1. Return the Rg/Rh value of segment B:211-284, two decimal places, where both radii are evaluated on C-alpha atoms and Rh is the Kirkwood radius.
2. Using only Cα atoms, tell me the angle between helix B:139-169 and the longest principal axis of chain B; keep it within 0 to 90° and round to the nearest 10.
3. Quick one: what are the phi-derived ³J(HN,Hα) couplings along segment B:223-239, Karplus 6.51/-1.76/1.60 with θ = phi - 60°, whole Hz, x for glycine and proline?
4. Between the helical axis of B:245-254 and the dominant principal axis of chain B, each derived from Cα atoms, what acute angle in degrees is found, rounded to the nearest 10?
5. With the other protein chains left in place, how much accessible area per residue, in square angstrom, belongs to chain A at a 1.4 angstrom probe?
6. Ordering A:LEU47, A:LEU131, A:LEU176 from largest to smallest accessible area (1.4 angstrom probe), what's the sequence?
7. Just subtract the alpha-carbon distance of B:ASP209 and B:LYS245 from 0.36 nm times their residue separation and send over the number in nm, one decimal.
8. Keeping all protein chains in place and using 1.4 angstrom, which order do B:ARG242, A:ARG91, A:ARG216, A:ARG83 fall into by accessible surface area, from largest down?
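The values are calculated or read from the model by the stated rules, or taken from the named source; none is laboratory data. Computed from a predicted model, the values in this text were never measured in an experiment. Cβ placement follows ideal geometry from the backbone for every residue including glycine, while neighbour counts extend to all protein chains displayed. SASA here: full protein model, heavy atoms, side chains in, ligands and nucleic acids out. Shrake-Rupley method; radii C 1.70, N 1.55, O 1.52, S 1.80 Å.
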Amino acid sequence: MFKGVYNWIDERLDITPIWRDVADHEVPEHVNPAHHFSAFVYCFGGLTFFITVIQILSGMFLTMSYVPDIQNAYYSVEYLQQRVAFGGIVRGMHHWGASLVIVMMFLHTLRVFFTGSYKAPREMNWVVGMLIFFVMLGLGFTGYLLPWDNKAYFATKVGMEIADTVPYIGPYLKELMQGGEIVGAQTLTRFFAIHVFFLPAALLGLLGAHFFMIRRQGISGPL
Amino acid sequence: MAHGSKDEKVVYVGDSRVKKKSSQPLQPDYSSYPGKSEAFIPNFLLKEWMVGAVVLVGFLVLTISEAPPLGYPADPNNAAFIPIPDWYFLFLYQLLKYPYAAGDYVLIGTVLIPGIAFGGLMLAPFLDTGNERRFYKRPIATSLMLVSLAACVYLTVVSWDQYQHELEVQKIEPEHHKRVREAEKNALAGKPYNHPKPNDSVALVAADDPAMETYKKATCIACHGGELEGGGAPALLGVGDRLSKEEILTVIKDGRGAMPAMLDTATKAGVTEEELDKLADWLAKQKKE
Ligand code: HEM
């Protein structure tokens, strides 16, 4: 039955080569921890992606309860954590995952750096990787404000003051991010939109480019 | 492009203008490396999945054992709160505390040092262009990275230590601990354990009571608002749920925390003891429902 449906679609769209290309590509021995234990360092990229998927999924569930306005944001988070079944787990996964994804990304970056994998012909992938790095930090910064407790509020305020010191563009940058003169209602809706729509969209685009380039160039050879 | 160099071979796919790929560019052939290559799916992914499963289990154990922190609702007027960013921004936060990267020199901390560090990292492939990939044969790149790493770790640790120290000196309990403690206490006492929402649709009870006039006359209105809705001070709507009449009277007469003792002020404004008693009575009646 499943095979029949698959064949019917494949006859029309010729989809086999697409997934075959991903499935059949060779994984060389030097990146395979089953052969060399030290090759576990090559797992960090995949693990970063794994945690990123967890972040996206848990984030989708968080938005079912979260209310992005300053009157309700805190109480919606508290409600989720205390009253919604498994709400504490969902929020916990997103909270701890946010740290873990940074750790994994950091380890992955170090692996690429110390194995010299950023060298020709992979320069572009390194630059894309750095852009991913900044997007991730942006996600961390904007997400931190959303629970709207004192920690969130004052950390964002400090962040804004730091942005303010940048010459020429600083004050504009600050006002753009804040959506006004103060960290307030506008800032929260703005950060919410950036955290939930803008940055994830950028992240997915960059990840697509990242994976496309890895697939085209293959993993770097043994040292 | 079709109109590119003359000797470029162009093959079109079907009747489209899309070129057919002649060969896979840049695809390395691992058969040239000695060793055991294997297919990505299923052979390799099944093994990598085991690594993923171990990470997932560890992650879920952490998630279940340690509830994500939540403090009290943001209060822009809270001057005592010590701001602290998430841990991965601490190195930058700490850098800005050093005199050579703060005040007049803040640009060194906010633009120059991070700019050089992240700019250098971003452009690494174009700065370190040699063919050598092994880190122990690239002394400059490797040592720069190790020094930066050490600096980041150092700044992060120092920043966290200073934060802990400040909490200790100022005898501040982090709000997310305090909230959990209070929630547990309330839960054991059978009270609602969520943080009460300010004037959570608690209505003003008996607004036409003569005590309302006393409330205005005694200048409580300046801090607690014309409708008891709060302002500089907490709302008094629903205060009867929290305090008894006696307790309210004590707060009025002796003050509490940031609230001054109001007996003298009230007397000077011409409020009698009896009126204050009625006022406390009325406030004690401010209950939800
Ligand atoms: C969401 C974040 C990221 C994800 C999910 C991700 C994922 C991956 C994966 C799965 C690989 C295959 C090799 C491996 O697993 O080690 C890879 C390779 C690579 N990554 Fe990332 N990555 C991320 C961020 C970064 C960052 C921050 C950088 C560096 C600035 C970077 C630079 C590279 C480079 C240059 C390669 C090719 C390495 C080689 O061929 O040996 N990536 N990435």
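1. Working: Rg = 10.9 Å, Rh = 12.0 Å.
We get a ratio of 0.91 for segment B:211-284.
2. 10 degrees
3. Using θ = phi - 60°, the values come out as 9, 9, x, x, 10, 6, 7, x, x, x, 10, x, 5, 9, 4, x, 5 Hz.
4. With rounding to tens, the tilt is 90 degrees.
5. Numbers: 10860 Å² over 223 residues.
Value for chain A: 49 Å² per residue.
6. On the way: A:LEU47 15, A:LEU131 70, A:LEU176 115 Å².
Solvent-accessible surface, decreasing: A:LEU176, A:LEU131, A:LEU47.
7. Values: separation 36, 0.36 × 36 = 12.96 nm, distance 1.61 nm.
Working it through step by step, the gained length comes to 11.4 nm.
8. Working: B:ARG242 140, A:ARG91 25, A:ARG216 75, A:ARG83 120 Å².
In descending accessible area the options line up as B:ARG242, A:ARG83, A:ARG216, A:ARG91.
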